[in-house]
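Asks: Structure provided below as structure tokens; questions to follow.
The values are calculated or read from the model by the stated rules, or taken from the named source; none is laboratory data. Computed from a predicted model, the values in this text were never measured in an experiment. Note that we place each Cβ from the backbone using ideal geometry, even for glycine, and neighbour counts take in every protein chain shown.
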Amino acid sequence: MRLSKLFTSTSKDAPADETAKNAQLLIRAGFIHKEMAGVYSYLPLGLKVIENIKTVVREEMNKLGGQEFLMTSLQRKELWEKTDRWDDKKVDIWFKSKLQNDTEVGLAWSHEEPITDMIREFIASYRDLPAYVYQFQNKLRNEVRAKSGIMRCREFLMKDLYSYSKTEQEHQKFYDVVTKAYLNIFDQVGLGDITYFTFASGGAFTQFSHEFQTLTDAGEDTIYLNRSKKLAVNEEVYNDDVLKQLDLKKEDLEKVKAAELGNIFSFGTTKSEQLDLYFVDEKGKKQSAVLGSYGIGISRLMGVVAEVLSDDKGLVWPENIAPAKAIIINLGAEQEVTKAADELYESLQTEGIEVLYDDRELSAGEKFADADLIGVPYRVVISNKTLKEDKFELKKRSSQDVELVDTRGIIDALR
């Protein structure tokens, strides 16, 4: 991607009403556009990051035996009334509307009800279970406060996985496997060392849940953390009974701020019983399926990475979710320098390595500043000086060290 052809551009300033660090940086770097409070559009560079995060998550979900699909955001009122989650007094984040025929509909904030209703068509026998399905979809929640950039939005991209098991034991086994997969995901995106399995309230979902909380002062949650056990308790359920259950002592816990990246819930057989999801077991008896729900905020994860891993110069993307592996910077107006930069750009594309190419007519200082702001893992500089040695300057975004390498060395480093 040539920056001269990119319809977006970097900026020295973020919107005056944007206070969140993640949104300020992402807007300035040209990754997102603010439509209104809590609502953002994802521009080409931002969409690349989103798609790369989805790839990391998708690979882990597929390893679990998950099957990807996509459901509608429009929700039937009568379906949610069956589970007592349509009432605004029970769930206060609904966006609701009406069709032309006055039929009342909701815009999805979660999908347990419609997925359970749909899957009734495909589950009749114990031989049909377990079943694991997941999707990537925009969720809409009528948040009262949306002030943390893309870490808390009224519209956001979520991965939601749903499991249907024959027994509680079978469900718990899968629940534990998902927990490990989630921790692996957060490790892959550079947040593993500061993300903790957290005991929390189930809210509108169930009595209790588990969250994956990442330490950051920009987070809206307060958790009590035991670093050695890699375990935490959300302030909302912090009491003596819970601590006793988890074998935790108050004196060993540290009070910290955190942002929730994922959550997992056990619904037991409640949803199945409410929505008539039954199967016939090995003995010919009618049984209710056990439901589990597992979410990761994809766009929120992007925001937390931007918030936590950035520095005073700009964004710092981990390699596997960055919008590109490197940015090529052409510092020469001479034809020979431009030719060498063009050839390197083409060579890397031929090798299947995604790079940005800063071919704009700007000063070296402006190009370096933009490279740091955009935050891709490597910077490759071509100038008269490097051309004389038939080499390029290679520098990691997270390091001050610069080395001179030839084209083969650049390919090997980026691959």
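Asks: Condition check: in contact with a Gly (Cβ under 9 Å, 6 or more places away or on another chain) and more than 25 Å from Thr270 (Cα to Cα). Does Ser148 satisfy that?
Replies: yes
Asks: Find all pairs meeting these conditions: Cβ atoms under 7 angstrom apart; at least six residues apart or on different chains; first residue within the range 9-23 and within 19 Å of Ala371 (Cβ to Cβ); second residue outside any helix (DSSP H, G or I).
Replies: Ser9/Gly30; Thr10/Ala29; Thr10/Gly30
Asks: Which residues, counting only those in the range 395-412, are under 24 Å from Gly314 (Cα atoms), surrounded by 15 or more Cβ atoms within 10 Å (Cβ to Cβ) and touching a residue at least 40 places away in the same chain (Cβ under 8 Å)?
Replies: Arg397, Ile410 - these are the residues of the range 395-412 that are under 24 Å from Gly314 (Cα atoms), surrounded by 15 or more Cβ atoms within 10 Å (Cβ to Cβ) and touching a residue at least 40 places away in the same chain (Cβ under 8 Å).
Asks: Also, I was wondering about something else. Specify the residue that is surrounded by the fewest Cβ atoms within 10 Å (Cβ to Cβ); the eligible residues are those in the range 270-289 that are touching a residue at least 60 places away in the same chain (Cβ under 8 Å) and either in a helix (DSSP H, G or I) or not assigned by TED's automatic domain parsing to the domain that holds Arg127 (or both).
Replies: Thr270
Asks: Is one or more of the residues making up the range 370-390 assigned to a loop (DSSP other than H, G, I, E, B), more than 30 Å from the chain's Cα centre (by Cα), more than 17 Å from Gly409 (Cα to Cα) and among the acidic types (Asp, Glu)?
Replies: Scanning the range 370-390 turns up no residue that is assigned to a loop (DSSP other than H, G, I, E, B), more than 30 Å from the chain's Cα centre (by Cα), more than 17 Å from Gly409 (Cα to Cα) and among the acidic types (Asp, Glu).
Asks: Is there a residue in the range 360-367 that is within 28 Å of the chain's Cα centre (by Cα) and in contact (Cβ under 8 Å) with a residue 40 or more places away in the chain?
Replies: Within the range 360-367, none of the residues are within 28 Å of the chain's Cα centre (by Cα) and in contact (Cβ under 8 Å) with a residue 40 or more places away in the chain.
Asks: Further question on the same structure: Restricting the range 331-357 to residues that are more than 20 Å from Arg408 (Cβ to Cβ) and buried (at least 16 other Cβ atoms within 10 Å of the Cβ), which is modelled with the highest pLDDT?
Replies: Only one residue fits best here, namely Leu356.
Asks: Given the options Gly297, Gly292, Gly332, name the one that is in the same structural domain as Arg379 (by TED's automatic domain parsing) and of a type outside the set (Phe, Trp, Tyr).
Replies: Gly332 is the lone residue from the list that is in the same structural domain as Arg379 (by TED's automatic domain parsing) and of a type outside the set (Phe, Trp, Tyr).
Asks: Sort through Phe174, Phe208, Phe199 and tell me the only one that's of a type in the set (Phe, Trp, Tyr), surrounded by fewer than 18 Cβ atoms within 10 Å (Cβ to Cβ) and within 30 Å of Gln287 (Cβ to Cβ).
Replies: Phe208
Asks: Working only within the range 231-254, note down all residues that are under 22 Å from Glu307 (Cα atoms) and either within 25 Å of the chain's Cα centre (by Cα) or outside the structural domain of Gly202 (by TED's automatic domain parsing) (or both).
Replies: Once the filter is applied, which keeps residues that are under 22 Å from Glu307 (Cα atoms) and either within 25 Å of the chain's Cα centre (by Cα) or outside the structural domain of Gly202 (by TED's automatic domain parsing) (or both), the range 231-254 yields Ala232, Asn234.
Asks: Is the range 230-249 home to any residue that is touching a residue at least 40 places away in the same chain (Cβ under 8 Å), farther than 15 Å from Gly202 by Cβ and in contact with a Lys or Arg (Cβ under 9 Å, 6 or more places away or on another chain)?
Replies: yes
Asks: For Ile93, only one of the following conditions fails: (1) touching a Gly at 6+ places or on another chain (Cβ under 7 Å); (2) within 30 Å of Lys34 (Cβ to Cβ); (3) not in a helix (DSSP H, G or I). What is its number?
Replies: Going through (1) touching a Gly at 6+ places or on another chain (Cβ under 7 Å); (2) within 30 Å of Lys34 (Cβ to Cβ); (3) not in a helix (DSSP H, G or I) one by one, Ile93 breaks only (1).
Asks: Still on this structure: Specify which of the listed residues (Arg360, Arg415) is surrounded by fewer than 20 Cβ atoms within 10 Å (Cβ to Cβ) and closer than 20 Å to Val316 by Cα.
Replies: Arg415
Asks: Test Ala181 against the criterion of being farther than 24 Å from Ser110 by Cα, in the same structural domain as Ser41 (by TED's automatic domain parsing), among the small types (Gly, Ala, Ser) and modelled with pLDDT of 95 or more, and give yes or no.
Replies: No.
Asks: Please find, within the range 47-79, the residue that is nearest to Ser165 (Cα to Cα) out of those that are β-branched (Val, Ile, Thr) and touching a helix residue (DSSP H, G or I) at 6+ places or on another chain (Cβ under 7 Å).
Replies: By that ranking, first place goes to Val57.
Asks: Among (1) within 25 Å of Phe7 (Cβ to Cβ); (2) out of contact with any Leu (no Cβ under 9 Å at 6 or more places or on another chain); (3) of a type outside the set (Asp, Glu), there is one condition Lys313 misses while meeting the rest; what is its number?
Replies: (2)
Asks: State whether the residues of the range 47-68 include one that is more than 23 Å from the chain's Cα centre (by Cα) and either outside any strand (DSSP E or B) or among the basic types (Lys, Arg) (or both).
Replies: No; the residues of the range 47-68 include none that is more than 23 Å from the chain's Cα centre (by Cα) and either outside any strand (DSSP E or B) or among the basic types (Lys, Arg) (or both).
Asks: Can you find, within the range 216-256, the residue that is surrounded by the fewest Cβ atoms within 10 Å (Cβ to Cβ) among those that are part of a strand (DSSP E or B) and touching a Ser or Thr at 6+ places or on another chain (Cβ under 6 Å)?
Replies: Only one residue fits best here, namely Asn234.
Asks: Just to verify a result, which residue in the range 96-145, among those that are aliphatic (A, V, I, L, M) and assigned to a loop (DSSP other than H, G, I, E, B), is nearest to the chain's Cα centre (by Cα)?
Replies: Ala108
Asks: Here's something else I'd like to know. Which of the residues belonging to the range 391-415 are in contact with a Leu (Cβ under 9 Å, 6 or more places away or on another chain) and in a strand (DSSP E or B)?
Replies: Once the filter is applied, which keeps residues that are in contact with a Leu (Cβ under 9 Å, 6 or more places away or on another chain) and in a strand (DSSP E or B), the range 391-415 yields Phe392, Glu393, Leu394, Val402, Glu403, Leu404, Val405.
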